Amino acid sequence: MHPHNISSSDVGPLWYNIRKGLQSGALSPLSVASQTQHRERDMERVVHEMRREIANNNGTIKPLDHIKNSTARLLGRLIFGPSFNDNKFIESMLYEVEDVIRTSNCTFLTNSFYYAKYLPSQRKATREAKLGKYRIEELVRPLLSSKPPTNAYFASSTTTWALAYMIRKQEAQEKLYQDIRMTIGDVDLVKIEDVNKLKYLQSVVKETMRMKPIAPLALPHNAGKDTTLMGTKIVKGTRVIVNLYALHHNEDIWHEPYKFMPERYLQGEVGSVTHKAMEQSLLPFGAGMRICAGMDLGKLHVAFVLANLVNDFKWSCVEEGNLPDMTEELFAIILMKTPLEGRISPRKVCG
């Protein structure tokens with residue numbers, strides 16, 4: 001595995017140090033909590049910018065850039081401190097991250113399996129990925145010190161998928177809006193402290209992450225001992241990758257797995273066999289020692305942004321009956337092939 005990457009390096013002293021640095025530094029509960037006020041102000045900024053865009057664009061909007069920039073600002077403050085506000089750096093970083101994503105199909109293979117780097121088809125992609133990595137290091141090194149970034153950046157993709165489902169399924173959008181109103185009232189801003197009170201919101205986020213997991217495959221694991229799985233012998237040290245997409249669409253666990261149904265998490269008793277099976281099979285951030293270090297931050301950020309965008313705007317198709325295209329563009333992560341565009345109308349009049 002790649003020797004300097006928390007996602008793919010072997011578990012050992014280096015891996016533990018990187019992981020510990022993340023959990024006690026940029027992603028520590030204290031660090032994340034210290035950003036609350038900044039995140040809420042940033043959400044107000046996003047809403048203001050979106051209102052301005054629809055005023056100049058006949059009510060239509062492409063939300064991904066707004067969500068991405070907000071997420072990048074969040075990560076910038078976590079990494080560099082609360083005073084971070086370098087728009088030029090954010091633009092450069094987003095460009096380089098997206099360039100790495102474009103080469104991720106091949107580099108995931110070569111990072112996971114040693115022999116893959118010798119395949120002729122992988123050589124060019126590997127060279128390009130290394131160039132992208134060096135460009136990011138040159139960009140980040142003067143500012144970064146010892147604080148590594150988190151892949152919670154990809155939460156922006158999940159939020160966009162959730163908005164697409166809200167457009168396609170208006171009754172779910174209305175349920176979410178009413179959940180907000182009934183639980184915390186007619187508020188201008190859904191605060192971070194209120195997010196976990198919104199049960200239907202949590203169900204929408206879970207169902208979006210099940211339908212469109214950030215990555216179709218979990219990070220590589222090594223078998224810790226000789227074992228047998230479904231009749232197949234797996235020798236100690238074998239590289240194992242779990243197909244999360246298949247797990248999330250397993251008909252033995254999920255009723256109508258290809259149907260967007262947030263209500264599935266609200267039905268039945270907590271602790272029931274069905275409920276336990278769903279919870280154990282919902283692994284959008286992976287599992288075990290390699291579970292995403294940014295999981296809690298990512299889930300909270302998706303829910304926070306989604307709640308406010310639905311609280312502030314009613315989302316609908318650009319043209320009646322022309323539903324968002326849910327076709328996936330598959331890299332090492334699952335992206336939307338056709339960028340989401342919607343028509344939004346403010347639910348409240350600005351004073």
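Computed from the coordinates by the stated procedures, all read-outs in this text should not be read as laboratory data. Please read these numbers as outputs of a predicted model, since none were measured by experiment. Neighbour counts are summed over all protein chains in view; Cβ atoms, including those assigned to glycine, are modelled from backbone coordinates with ideal geometry.
The distance between label points at Glu44 and Gln267 comes to 4.2 nm (points 7 Å beyond Cα on the Cα→Cβ vector).
List Glu341, Glu49 from most exposed to least, where exposure is judged by having the fewest other Cβ atoms within 10 Å. Mind showing how you got there, number by number?
Numbers: Glu341 18, Glu49 14.
Listing Glu341, Glu49 from fewest to most nearby Cβ atoms yields Glu49, Glu341.
Modelled spin labels at Asp296 and Lys348, positioned 7 Å past Cα toward Cβ, are 2.9 nm from each other. Each residue of the range 35-52 was assigned a 3J(HN,Hα) from its phi angle through the Karplus curve 6.51 cos²θ - 1.76 cosθ + 1.60 (θ = phi - 60°); the sequence is 8, 3, 5, 5, 5, 5, 5, 5, 5, 4, 5, 4, 4, 4, 5, 5, 4, 5 Hz, with glycine and proline shown as x. The GluC sites (Glu not before Pro) of the range 190-267 that meet both conditions, a loop assignment by DSSP and at most 13 other Cβ atoms within 10 Å of the site Cβ, are Glu251. Between Phe313 and Arg347, the built amide H atoms are under 5 Å apart, and every one of these is 5 or more places off in sequence or on another chain.
Site pair Asp186 and Ser92 shows an inter-label distance of 4.8 nm when each label is modelled 7 Å from Cα along Cα→Cβ.
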